[in-house]
Amino acid sequence: KVRAVGGIKGGATATEKTGALPEQDVDMAEVGSGEQESEKREGHFDLLREALGIFHASAVPSSLICREKECTQLREKLLCARKQGKPCSMYVAGAVGTGKTAALKQVTRELRAFERKMGYQETIVCEVNCMRNPTSSSLFSDIWSKIESYIPSQQRKGLSRTMGEFERLKAALKFWGGKKISRRESPMVVVVADEIDMVLANSAPDREKTLYQLYELPVIPNSRVSVVGVANSLDFTCRILPMLQQGSYAPLRLNFSPYRHDQLVQIVQERLDRLRHMEGRYSKFVSDLRVDTLVVPEALVFFSKKVEKAGGDAREMLDSCYKLLLHMSKRKPLASGTLRDAVEVMKASHQDTIISIRSATQHQKIVLIALRNLRHSQLGRGGPIKLESLKTEYQGCCSKLHMKPVNQSLFLQCISALEDAALVSMVASAGKRREQDGGTSRKVRLA
């Protein structure tokens, strides 16, 4: 202990003369303990902030867990196409949140790294969304806009303006690929067409022809374009595009199964492992600071089984952990995320659903009402509802409310917005019949 001098000689107190504190005994052990406790709290919250960043939806995983087989198949196919100069075609299927997009992004990053190492021109990755571009003109215009700058200007000037979008793209690829340069100097183009089944949702008579033309790009003479179609339905190409199975058109089919609960736990553990190298930074004065204490294993198992039952969406698992960490950040002092906390987070998610419904537009609410009506009808007892049936019921609800229903494009935007709000979910169609009308290639259900 040390004595803090607060008095002044002459009888007057320090408070009276200078405003200083009077004499008092200060325990330096208590001061050190308080500083250490403060640093401990800061260390915990700093680590928590790092964890929130890693579990955020925008975070890019360092590696894709439990999808090694699928990534290997994608990698081998694209590498073979790059080395031999022969474009390929693939169809990637799987439910929402099963790692399709993440796998494609990882493999294209690895492909570009290989090209830089070997001195090749880097691959041009052209990502198009068929939900936004369901017609032939919009789809091929989008592809053209992304690769136009790579085609020599002289070849672009030689294309007739009266050509259709596909014919113009086809002619440009012939000229471009016909240029006599080595495979090392010529870049490969990979067109990733997400949600290709939505091309069938438009009312154009040539919607199936559009899909055939898309998969025709790799077999155009001198083409450098590989095509990867992505959708939820497992047998989409077999049912809708049977001619693709013949000859050189046949695409490689890859199926991404929903994640099991043990795989979902592995995905979370991989993210937590990325925090382990930070323990030393935040635990200089804290001996009990461990990444393992952020979320107890019981909470992870609880989340994983709930998510597996709902469809095995890895994004839902990561979002649940993110919400749990946010829930923990409000505590003072900070403590581990327990099983009770996990249950509270799940209950709060139901409140979020109510808020999402209240913030939905009028037509989005009518779509939800139509889906609820079908769910309790004979048509909905078998599970998910076809989009065409949902649209018919939606139009009937609008008629009863004396409202004008929205067109096909806006109807699909309503479905997309409800899916983003986690109010509905799209599922693959299990039927084997070939669909003859737009929209029946996908089904929807309440989330």
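Determine the order of Lys83, Lys386 by accessible area, beginning with the largest, at a probe radius of 1.4 Å.
The ordering from most to least exposed comes out as Lys83, Lys386.
If Lys174, Lys309 are ordered by their accessible area, calculated over protein heavy atoms with a 1.4 Å probe, which sequence runs from highest to lowest?
The residues order as Lys309, Lys174, largest area first.
Can you list residues whose amide H is under 5 Å from Ile124's amide H, if they're 5+ apart or on another chain and H is modeled 1.01 Å from N?
Result for Ile124 returns Met188, Val189, Val190.
Is there a pair in Lys309/Lys400; Lys117/Lys174; Lys305/Lys391 whose C-alpha atoms are over 31 Å apart, and which pairs would that be?
Lys309/Lys400; Lys305/Lys391
What is the set of long-range amide H partners of Arg442 at a cut-off below 5 Å, with H atoms built 1.01 Å from backbone N?
Distant-sequence amide H within range of Arg442: Leu387.
According to a simple spin-label model (label point 7 Å from Cα along Cα-to-Cβ), what is the distance in nm between Ser257 and Cys80?
2.3
What does the accessible area of Thr392 come to, in Å² to the nearest 10, when a probe of 1.4 Å is used?
We get 90 Å² for Thr392.
Accessible area per residue of the stretch 219-268 at 1.4 Å probe, in Å²?
Accessible area per residue: 38 Å².
Would you please give the residues with an amide H less than 5 Å from that of Arg224, counting only those at least 5 places away or on a separate chain, with H modeled from the backbone geometry?
It is none; the list stays empty.
Could you sort the peptides 192-202, 61-71, 111-121, 263-273 by per-residue average Cβ neighbour count (10 Å cutoff), highest mean leading?
Order by mean packing, descending: 192-202, 263-273, 61-71, 111-121.
Do any of Lys100/Lys306; Lys347/Lys404; Lys100/Lys386 go past 32 Å between their Cα atoms, and which?
Lys347/Lys404
The values are calculated or read from the model by the stated rules, or taken from the named source; none is laboratory data. This one's a predicted model, so the numbers in the text were calculated from it and none came from an experiment. Virtual Cβ from ideal backbone geometry, glycine too; neighbours counted across all protein chains shown. Just so you know, the surface numbers come from the protein's heavy atoms only, side chains and all, with ligands and any DNA or RNA stripped out. Shrake-Rupley method; radii C 1.70, N 1.55, O 1.52, S 1.80 Å.
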